[in-house]
Amino acid sequence: MISSPITLHYFVFEGEPSIAFLGENLNLLLKDSGVEYTYVRHKYADWPSIKKELSEKMIYPTMPYIELDGKLYNKTAPTMRYLCKKLGKYLPANDDDQYILEVAADVTRDHYGTRLPLYRCEDKEKWKEHFEKDTTKYLNAYESIYQQNEGPYILGEEITYADFLVYHIIQDDNALKHVQGYPHVAKFIDAFSQRPNLTEYIASLAK
């Protein structure tokens, strides 16, 4: 269990403070868990000095990272898995299920790689091309993943760390409005958005 406060660090993107990219995965997991934590957003211009300081404490300094019990942990998915072990939830019961979650996590990473180049892009044609080429490809992949069980989550009734990754990349790719054509993904999105500790926060992002 986690008995001490957590501090989550990530960037704030100038002019778009609600954007969280990779940091949002950890933010959603921590909110859902109900543990005490503080979310610190740093200016990107401050990264060189922050990175220099972190280089004395991390093997490979990156954002996001968390502080817990005087130690620092970075890289999104590994940090999420570490927190899950500390929390005693969001993890699978066996190696086969763990494999499924790791596949899903890798798919979200690939999806993120297609989305990142469009940060601040205002070219509608490029967004249209991205949707037709990439977004639909990954929505189909998630549909295949979620249809393996009754749902609403990847492994069934219990949410796991990979579900947070899937939800956020769909959200971040502006694809939440397109999930109705993917019934198992739509069922997942509906269940996720109604989680007690997330409902109010998710609704605030839509404003």
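Just so you know, all these numbers are worked out from the coordinates, no wet-lab data involved. This structure is a prediction, so every number in the text was calculated from the model and none was measured. Here the Cβ is made from the backbone with ideal geometry for all residues, glycine too, and neighbour counts use every protein chain on show.
The gain in end-to-end length when the Lys86 to Val12 segment is fully stretched comes to 23.9 nm, 0.36 nm per residue minus the alpha carbon separation. Cross-link pairs exceeding 30 Å between alpha carbons, from the set Lys43/Lys75; Lys43/Lys71; Lys52/Lys133: Lys52/Lys133. As a proxy for reagent exposure, Ile6, Ile100 were ordered by neighbouring Cβ count within 10 angstrom, fewest first; the result is Ile100, Ile6.
For the range 108-207, chymotrypsin sites (Phe, Trp or Tyr not before Pro) are listed when DSSP marks them as loop and at most 16 other Cβ atoms sit within 10 Å of their Cβ; the list is Tyr119. With a simple spin-label model that places each label point 7 Å from the Cα along the Cα-to-Cβ direction, the separation between Ser193 and Asp96 comes to 3.4 nm. Normalising the Debye intensity of the range 95-199 to I(0), with uniform scatterers on Cα atoms only, and taking log10 at q = 0.13, 0.14 Å⁻¹ returns -0.45, -0.52.
What is the local net charge at Ile2, summed over the other residues whose Cβ is closer than 9 Å to its Cβ (Lys, Arg +1; Asp, Glu -1)? Taking every Cβ under 9 Å from that of Ile2, the sum is -1. When the Cα positions of Gly156, Ala141, Gly23 are compared along the charge dipole of the chain, Gly23 comes out farthest toward the positive end, with charges on each C-beta of Lys, Arg, Asp and Glu.
The lysines whose alpha-carbon is closer than 23 Å to the alpha-carbon of Lys128, local same-chain residues fewer than 8 away aside, are Lys137, Lys177.
Rounded to the nearest 20, the size of the Cβ-charge dipole of the chain about its Cα centre is 500 debye, with Lys and Arg at +1 and Asp and Glu at -1. By the rule of a C-alpha distance below 18 Å, with chain neighbours fewer than 8 residues away ignored, the lysines paired with Lys31 are Lys85, Lys86, Lys89. Peptides 169-176, 70-77 ranked from most to least packed, by the mean per-residue count of other Cβ atoms within 10 Å: 169-176, 70-77. Extension gain, Leu116-Glu53: 0.36 nm per intervening residue step, less the Cα-Cα distance, totals 20.1 nm.
Estimated from helical segments only, the mean residue ellipticity of the chain at 222 nm is -15000 deg cm²/dmol, where each DSSP H run of four or more residues counts as -39500 (n - 2.57).
For the range 141-207 and the range 48-65, write down the distance between their C-alpha centroids in whole Å. One Cα centre to the other: 32 Å. Suppose R0 equals 35 Å. What FRET efficiency, 1/(1 + (r/R0)^6) with r the Cβ-Cβ distance, do Asp123 and Ala203 give to the nearest 0.05? Computed FRET efficiency for Asp123 and Ala203: 0.70. Which is the longest stretch in the chain that no exposed loop site breaks, taking sites as GluC sites (Glu not before Pro) with a DSSP loop state and at most 16 other Cβ atoms within 10 Å? Between exposed loop sites, the widest span is 57-121. Averaging the sequence gap over all C-alpha pairs within less than 8 Å and six or more residues apart, then dividing by the number of residues, gives the chain a relative contact order of 21 percent.
Of the DSSP beta bridges with both residues in the chain, give the percent that are antiparallel, rounding to the nearest 5. Percent antiparallel among DSSP bridges in the chain is about 55.
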